[in-house]
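The values are calculated or read from the model by the stated rules, or taken from the named source; none is laboratory data. As the structure is a prediction and not an experimental result, all values here were calculated from the model. Every residue, glycine among them, receives a Cβ derived from its backbone with ideal geometry; neighbour counts consider all protein chains shown.
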Amino acid sequence: MLKLLKHIGLYFIMMKKVISVPEKPKAFKKQFVLELEKIGLQSIGIVLFISFFVGGVVSIQTALNLQNPLLPTYLIGLASRDSLILEFSPTMISLILAGKVGSSIASEIGSMRVSEQIDALEIMGVNSASFLILPKIIASMFFFPCLVILSMAIGMIGAWVGGLSVDVTTSDFLYGLQYEFVPFYVTYAIIKTLFFAFLVSSISSYFGYHSKGGAISVGKSSTEAVVYSSIFILVFNFILTKIILA
């Protein structure tokens, strides 16, 4: 319990240092652009690949579970749409990014900590927490929603292809996609994603920033970053769903 309280205290102390006006706007802008590339652009491929095939699987499984002459086939498109928008795209993609982006952030900052680069920044009077972590948090909160929206679109294309493989016509599937669509579901998904982006980037940065020792410590920090980011994503997924949709 004391160890948990210690981590919580250190996390909020770090975040107090992180949330400050950048001392050198030009350097911050350059770092932010680099983080956009590392966190966002380099994650597009895996998001597209996973979303397409999971969308197809969701559609096929829905079709197999709705094999009833009394149920219209357009329900397959409707169920696939709601599954992708409400849960798969915001939550599962964030969990995948926690593994890819979170481990990368933790290992990068952790390597700088054990090689004393962070100590050198602080000796020069630079707010190391803000300089290293704030661009990562802002880049994550900017790009995660973009990746999730892209995931929704590609997932629905995958669901359409999956539907075709089980004899669901394109017209029926498209009708199901449009049937009683609730735009607020997309807003809900983006709100969740913003929370998840902050959790992944800040928690991963925390474990990297407080690494101690050598290369083994960096590896341990990366593992802890992924594990705790995933746990908090699932916990906040429940809390946000209860608050927003219930």
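On the given criteria, is LYS242 on the phi < 0 side of the Ramachandran plot and without any contact (Cβ under 8 Å) to a residue 60 or more places away in the chain?
yes
Okay, residues lined up against (1) of a type in the set (Val, Ile, Thr); (2) in contact (Cβ under 8 Å) with a residue 60 or more places away in the chain; (3) at positive phi; (4) not in a helix (DSSP H, G or I):
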{"site": "GLY102", "(1), (2), (3), (4)": "no, yes, no, no"}
{"site": "GLY110", "(1), (2), (3), (4)": "no, yes, no, no"}
{"site": "ALA120", "(1), (2), (3), (4)": "no, no, no, no"}
{"site": "ILE154", "(1), (2), (3), (4)": "yes, yes, no, no"}
{"site": "GLY158", "(1), (2), (3), (4)": "no, yes, no, no"}
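Inspect region 220-233 for any residue being aromatic (Phe, Trp, Tyr) and modelled with pLDDT under 90 and give the result as yes or no.
Within region 220-233 (the criterion being aromatic (Phe, Trp, Tyr) and modelled with pLDDT under 90), the answer is no, since none of the residues qualifies.
So which residues in region 112-126 are of a type outside the set (Val, Ile, Thr) and surrounded by 18 or more Cβ atoms within 10 Å (Cβ to Cβ)?
MET112, ARG113
Those residues that are closer than 14 Å to ASP167 by Cβ, in contact with a Gly (Cβ under 9 Å, 6 or more places away or on another chain) and touching a residue at least 60 places away in the same chain (Cβ under 8 Å), I need them from region 51-71; list them, please.
SER59, ILE60, ALA63
So which of GLN42, GLN31, GLN67 is modelled with pLDDT under 90 and outside any helix (DSSP H, G or I)?
Only one candidate passes the filter, namely GLN67.
For region 219-230, name all the residues that are aliphatic (A, V, I, L, M) and surrounded by fewer than 24 Cβ atoms within 10 Å (Cβ to Cβ).
If the condition is that a residue be aliphatic (A, V, I, L, M) and surrounded by fewer than 24 Cβ atoms within 10 Å (Cβ to Cβ), then VAL226, VAL227 are the ones that fit.
In region 179-199, how many are assigned to a helix (DSSP H, G or I) and either buried (at least 19 other Cβ atoms within 10 Å of the Cβ) or touching a residue at least 12 places away in the same chain (Cβ under 8 Å) (or both)?
Count: 14.
When you check ALA159 against the structure, is it more than 24 Å from GLN42 (Cβ to Cβ), buried (at least 24 other Cβ atoms within 10 Å of the Cβ) and modelled with pLDDT of 90 or more, yes or no? Before the answer, list the steps.
Working: more than 24 Å from GLN42 (Cβ to Cβ): yes; buried (at least 24 other Cβ atoms within 10 Å of the Cβ): yes; modelled with pLDDT of 90 or more: yes.
Yes: the conditions hold for ALA159.
Hey, among PHE238, PHE207, which residue is surrounded by 24 or more Cβ atoms within 10 Å (Cβ to Cβ), of a type outside the set (S, T, N, Q) and within 18 Å of the chain's Cα centre (by Cα)?
PHE207
In region 200-224, what residues are out of contact with any Leu (no Cβ under 7 Å at 6 or more places or on another chain) and part of a loop (DSSP other than H, G, I, E, B)?
Matches in region 200-224: SER211, LYS212, GLY213, GLY214.
In the set SER229, SER171, which member is of a type in the set (S, T, N, Q), assigned to a helix (DSSP H, G or I) and closer than 17 Å to SER103 by Cα? Give the steps one after another, and end with the answer.
Values: SER171 fails: closer than 17 Å to SER103 by Cα.
Answer to the selection: SER229.
Out of ALA129, ALA153, which single residue is small (Gly, Ala, Ser) and farther than 27 Å from LYS24 by Cα?
ALA153
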